[in-house]
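The values are calculated or read from the model by the stated rules, or taken from the named source; none is laboratory data. Source: prediction; values computed, not measured. In this analysis, Cβ positions are derived from the backbone assuming ideal geometry, glycine residues included, and neighbour counts consider all displayed protein chains. Heads up: the accessible areas ignore ligands, DNA and RNA and are worked out on the full protein's heavy atoms, side chains in. Shrake-Rupley method; radii C 1.70, N 1.55, O 1.52, S 1.80 Å.
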Amino acid sequence: MFGESEAVFLSYASEDFAAAERVATGLRAAGIEVWLDKSELRGGDSWDAMIRDRIRGCSLFVALISAHSRARAEGYFRFEWKLAVDRSHHMASDRPFLLPIVVDGIRETDTRVPDRFREVQWTRASGGELAPEFVERVRRILEGGDRAVARSLSTLPESAQWLAGVPDKSLAVMPFANLNRDPENEYFSEGLAEEILTALTEVEELHVAARSSSFYFKGRSTDLQEIARRLRVAHILEGSVRRAGNRVRVTVQLVDVRNGFQLWSERYDREMEDVFAIQDEITSAIVQHLKLKLLDRKEARAADAPADIETYNLYLKGRFHWAQRPPGLAKAMEYFKQAIDRDPNYARARAGLADCYTCLGAWESGVVPPREAMPLALEAADKALELDSRLVEAHTSLAYRTTNYEWDWEGAEARFKLAFDLNPNYSVCHHWYSHLLVALGRTDESLKESKRCLELDPLDHLTNAHLAWHHLFSRQFEEAVEQCAKTEEMHPDTFIVRYFLGLAEEQLGHVDRAVETLRMAVKLAGSITYATAGLGHLYGRCGRTAEARAIYDELGARAKQGYVPAYDFAIVCVGLGWKDQAFEYLSKAYDERSGWMTYLKGDSRLDPLRSDTRFQDLMQRLRLAP
């Protein structure tokens, strides 16, 4: 019905023959002619000539993509792909011809295919089973009635029906594939995706999965349905980046995961200096296709733009390492400082530096005295806001610094509210605001913020661990244990999770388990001392006095070599029943402006001290008591 030549040429790796047969069967059932080679022996002049004629005469070229084709650097199917790509260069840009079909769980960004394949819409057909809607669309294309090829994930199974309940205006931006295979370009390709993601979070009506959750799937062969299910989004943006000298090629595609159709795709070939314009164009296209209010980014872009592309690249590297905090903080600071050296007026690099100093001076890192780190955080954040007063990262960093260092609760909350007005979808702001609410004993509000943070960033290890921390300091110990177990399934052998789990088990009276858990936390903690102090407290509390004293002595020895928070000593002293020494160390912790003092109201390990007037005095000095 489509002419003398076969309408569809089906190209596949030999390992995918069964899937190819199912694709052919599905198309033929709709009356579509398909040429499917069943010969295991290919090649030779006559064979090559026949293949050339078939590809030259077909109406659609269907290429099966899989882990098998990814694994094979050589194969006759690659010869067929080259011939098809060569023919496509002579066609009009709106003429459908190349049709890649993914037949297993491999991600598009992890395939070894010609660049031309990435410029067209793809479909997914697990095992070669085609959705009826897709087959009908191909039929209409061949008959000339539809010039756009649909990208289908096949009919959604019952297990994916939950997608009907996710917000319509929701999106995950996946890490862009680095087609250069050069690790130095990895920061750029990931950073470009993150910058688009950050811009989209400014759209109040759009739910955007946070970076750490969407980037969780990097290097994993998880299909789009599963990604969408775990992130609870209706749309996914994928892309790839290739750099050549001062040129960059960015290819992107936006998919509606609920029905599998590709809403939009585009390829950008530009000079590196045009990367900011590319980001804006991609962001605007997504906003338009999801029928959202258009962003006016001209003013923001003027403040965002660094002096040169290398400054921007250094900033992206800094954010890459900051996302891996606390271990990545030192490397992140190095890159942010290099970016500032190149361009002292680059506000975002200064905000990144403020984030680093704030984290180093808060309790989570515990390796830099707060009186050293926090003034530097203030200086960096103030300078960032002087350059760009609407920078949400700088406002958030200042709010967290005010919470942990100045104990100005009203001022911190006002700063958090200002940050929310600028960007209600910034997950870090929800995370750190929850810390303030826990400090003030407003646990119901803290839980709400913690859950909002999880909605935005459901797979991040810090976000999930934070919810366990919330339960721990809200004295919901069983819930803390449950959340730690959930987090460990996703992120095994994570120090902070083991630490929170050990503290919760201690409060539940599971002493042996708590000892084992905290020992593992100490092993994973590196230079962070509060895990060691937690184990010392537990030893003292359960009567293992010699072991507790040994840890106290160990902390003293470490204090001669570097910073050990006074709060750590106080915690061990409480476990040993040394009340007077505990109050001496708590007084020192107050003078240090220790971030741990922020949560004095919630730390259950301090309960033996609460009836003492010295404790009440501390609470008043912290403005945590009337």
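So here's what we get for this one:
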{"read-out": "Over the chain, relative contact order from alpha-carbon pairs under 8 Å, at least 6 apart, %", "value": "8 percent"}
{"read-out": "Helix 392-401 axis, angle to the chain major axis (alpha carbon atoms, nearest 10°)", "value": "20 degrees"}
{"read-out": "Under-5 Å amide H pairs with His235, H placed in peptide plane, nonlocal only", "value": "Ser170, Leu171, Ala172, Val257"}
{"read-out": "Rounded accessible area per residue of the chain, 1.4 Å, Å²", "value": "40 Å²"}
{"read-out": "Amide hydrogen neighbours beyond the local backbone of Val166, cut-off 5 Å, H modeled", "value": "none"}
{"read-out": "Compactness of the range 386-426 - radius of gyration and Dmax, Cα, Å", "value": "9.8, 26"}
{"read-out": "Asp274 versus Glu372: modelled label distance in nm, points set 7 Å from Cα along the beta carbon direction", "value": "4.8 nm"}
{"read-out": "Added length on full extension, which subtracts the Cα-Cα distance from 0.36 nm per residue, Glu226 to Glu205", "value": "5.2 nm"}
{"read-out": "Nearest 10 degrees, 0 to 90: helix 477-490 Cα axis against the chain principal axis", "value": "40 degrees"}
{"read-out": "Inter-site label distance for Asp86 and Ala550 at 7 Å from Cα along Cβ, in nm", "value": "7.4 nm"}
{"read-out": "Contour minus Cα-Cα distance for Ala559 and Gln581 (0.36 nm per residue)", "value": "6.3 nm"}
{"read-out": "Anchor Lys588: lysines whose Cα lies under 25 Å away (excluding residues fewer than 8 positions away in-chain)", "value": "Lys560, Lys579, Lys601"}
{"read-out": "Inter-site label distance for Ala330 and Asn180 at 7 Å from Cα along Cβ, in nm", "value": "2.7 nm"}
{"read-out": "Percent accessible area from carbon and sulfur atoms, the chain, protein chains only, probe 1.4 Å", "value": "47 percent"}
{"read-out": "Cross-link pairs Lys169/Lys218; Lys218/Lys317; Lys291/Lys417; Lys417/Lys451 - those with Cα-Cα distance over 19 Å", "value": "Lys169/Lys218; Lys291/Lys417"}
{"read-out": "Extension gain from Lys448 to Glu143, taking 0.36 nm per residue of separation minus the Cα-Cα distance", "value": "104.4 nm"}
{"read-out": "Inverse mean reciprocal Cα-Cα distance (Kirkwood Rh) of the range 525-626, Å", "value": "13.6 Å"}
{"read-out": "Kirkwood Rh, angstrom, the range 410-473 [1 / mean 1/r, Cα pairs]", "value": "11.6 Å"}
{"read-out": "Three principal axis lengths of the chain [C-alpha, angstrom, descending]", "value": "96, 52, 41"}
{"read-out": "Rounded FRET efficiency, nearest 0.05, which uses the C-beta distance separating Glu133 from Ala414 and R0 of 51 Å", "value": "0.45"}
{"read-out": "P(r) of the range 334-413 over all Cα-Cα pairs, binned every 5 Å from zero, in whole percent", "value": "3, 19, 26, 25, 17, 7, 2, 0"}
{"read-out": "Beta bridge orientation in the chain: antiparallel %, DSSP, nearest 5", "value": "50 percent"}
{"read-out": "DSSP-loop trypsin sites (Lys or Arg not before Pro) across the range 338-410, with at most 14 other Cβ within 10 angstrom", "value": "none"}
{"read-out": "Dipole magnitude of the chain about its Cα centre (Cβ charges: Lys, Arg +1; Asp, Glu -1), debye to nearest 20", "value": "300 debye"}
{"read-out": "Calculated [θ] (222 nm, deg cm²/dmol) that DSSP helices of n ≥ 4 give over the chain, each run adding -39,500 (n - 2.57)", "value": "-17000 deg cm²/dmol"}
{"read-out": "Crossing angle, helix 566-576 versus the chain [Cα axis fit, 0-90 degrees, rounded to tens]", "value": "70 degrees"}
{"read-out": "Lysines with Cα under 27 Å of Lys82, excluding same-chain neighbours fewer than 8 positions away", "value": "Lys38"}
